[in-house]
Each structure stands twice: as C-alpha cells, then as structure tokens.
1. If you check 121, 115, which single one turns out to be farther than 27 Å from residue 219 by Cα, in the same structural domain as residue 29 (by TED's automatic domain parsing) and either touching a strand residue (DSSP E or B) at 6+ places or on another chain (Cβ under 7 Å) or in contact (Cβ under 8 Å) with a residue 40 or more places away in the chain (or both)?
2. Output the residues belonging to the stretch 177-216 that are out of contact with any helix residue (DSSP H, G or I) (no Cβ under 9 Å at 6 or more places or on another chain), farther than 30 Å from residue 263 by Cα and buried (at least 18 other Cβ atoms within 10 Å of the Cβ).
3. Condition check: assigned to a helix (DSSP H, G or I), farther than 19 Å from residue 220 by Cβ and in contact (Cβ under 8 Å) with a residue 24 or more places away in the chain. Does residue 88 satisfy that?
4. Which one of these does residue 181 not meet: (1) farther than 20 Å from residue 110 by Cβ; (2) in contact (Cβ under 8 Å) with a residue 60 or more places away in the chain; (3) assigned by TED's automatic domain parsing to the domain that holds residue 146?
5. Looking at (1) part of a helix (DSSP H, G or I); (2) without any contact (Cβ under 8 Å) to a residue 40 or more places away in the chain; (3) within 25 Å of residue 131 (Cβ to Cβ), which is the only condition residue 202 fails?
6. So residue 210 passes all but one of these: (1) within 19 Å of the chain's Cα centre (by Cα); (2) under 20 Å from residue 60 (Cβ atoms); (3) touching a residue at least 12 places away in the same chain (Cβ under 8 Å). Which condition number does it fail?
7. Filtering the stretch 53-85 down to residues that are out of contact with any helix residue (DSSP H, G or I) (no Cβ under 9 Å at 6 or more places or on another chain) and free of Cβ contacts under 8 Å to residues at least 12 places away in the same chain, which residue is farthest from residue 114 (Cα to Cα)?
8. Yes or no: the stretch 242-265 includes at least one residue that is buried (at least 18 other Cβ atoms within 10 Å of the Cβ), more than 17 Å from the chain's Cα centre (by Cα) and within 23 Å of residue 67 (Cβ to Cβ).
C-alpha cells in the first residue's frame, strides 16, 4: 500500500499475511510513542482482529529503531498555569482497554521488540503471549523518572514474571534491562540477533496460524487466571475447558493425524 506524497503517515500499519496479521506501531520519529491517534488506530485494529475468525495469529512490532517509548509526553505538555491533565482518565480510556484486548485476544500475539520498550511500551510488550527481543533491545519501567506509577498492567505482570524483589527494583530505579538479562530473568521468551528478529517472529506467528487456534485460546484463558485461582477452582476450569477443546474439529483432526501418521490440517474453528 503506497502513501500519498505529503500525507501524514498512518500511526499504525496493518498487513495481512495469510492467517497472520502483522501490526506495526508507526511513529518512528517519536520512537513509536503513543498519542491519541495511535491509540485509536491500534484499538480499532485489535478489535477487528479479535472479531475476525480468519485471523489466527498476530505479530506486533515497531517501526524504526525502537518498539515503543510509551506515552508521547509532548502530547501531554501543559502550559504554565493551565489545569493538569487527569492521567487516571487517560489510563482508563486508552491503556487499560488495550491491555485487556491483548490479554483476552482469542488467538496468540507474538511481540517482536526491535529496540527500546519503555514505560507503557514495555508493559504492552509484556502483555503479549510470547515476546521475542532483538539483542540490542531493552525494557525500561521509566515511570519513576517523572514521578508516575507503572501502568498498563506493569505492577501486575512484572512480579509474576521476575518476582517481587526484581519488580520492585525495576519500578523504583527505572533502570533498563537489556534483552539478554530479560531472557535470563524469564521476563521474555527469547533473544535473537537483530537481523533475525522479524523473520523468526513471523515464523513463530505462522506456526501458531497453522495450529488449533481455539485450543490455544483456551490455554490462554486457563493460564491468565491460574495465579489468582485456588487449585480446586483451577482444576474445575481445566475440566470445563478440556470438555470444550475436546468437542472441536481440531481435536478430532489432531487425533486422526496422529493415528494416520500425517501432518494435521487444523482449521481453528470452535465447532
């Protein structure tokens, strides 16, 4: 898709590759930091992807030299004497709905972090299902530098990924975590060389797109609530989700392919 000369660039780019949708944050001159236009475009794209049953996996990444620097502070500049913005309203209007969309997306989201992921940008990446990072990438809970609290799920996801001690230190010091350390700490899935990031992330998304999509969605549901459920509640949930998974065409196809010693042809359908 070509752009008209002189026209402003779209704040996100959406590209369909078979059953995979590649979503690119596209404000590279601002390190893909969020303004209202990018929020609106990304939410609309994610809502459309969630509703489209022909989409079976998502790849989220950033244009240029960074993934996302979080909120564009230039979009929040306050003139002397003017009323301060209600940041709680901003979180409630934009960031919280986006995190909920990502966490409840009924298909896998692969995030390819191609540079700095700071503030809300770090926590949006960590909300995705599988995070791959370029070797040059880093993750920064930058909020403390300007007197703010980690948002976009940061105070929820970080302790679960790296433990309370590390989460507390990362939030209070706002020190960057390089990709290799993030992998060693279990913050992300994998580090790859910069030149290989896009290809490896797309290959993973395509692998998911050929998988039993609805079964993957059920796995996401089970894991998402496991940390707050009792064992008995989780066992009951596993029973219920297994019942649902066992009634899908993909389960029947998986068993048939195993018995017949062939590659399965999954459709991702619920029934």
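1. 115
2. The answer is 179, 183.
3. no
4. Every listed condition holds for residue 181 apart from (2).
5. Residue 202 satisfies all of (1) part of a helix (DSSP H, G or I); (2) without any contact (Cβ under 8 Å) to a residue 40 or more places away in the chain; (3) within 25 Å of residue 131 (Cβ to Cβ) except (2).
6. Of the numbered conditions (1) within 19 Å of the chain's Cα centre (by Cα); (2) under 20 Å from residue 60 (Cβ atoms); (3) touching a residue at least 12 places away in the same chain (Cβ under 8 Å), the odd one out for residue 210 is (1).
7. For the stretch 53-85, the residue satisfying everything is 81.
8. The answer is no, given that none of the residues of the stretch 242-265 is buried (at least 18 other Cβ atoms within 10 Å of the Cβ), more than 17 Å from the chain's Cα centre (by Cα) and within 23 Å of residue 67 (Cβ to Cβ).
The values are calculated or read from the model by the stated rules, or taken from the named source; none is laboratory data. Values in this document were obtained by computation on a predicted structure and should not be read as measured data. In this analysis, Cβ positions are derived from the backbone assuming ideal geometry, glycine residues included, and neighbour counts consider all displayed protein chains.
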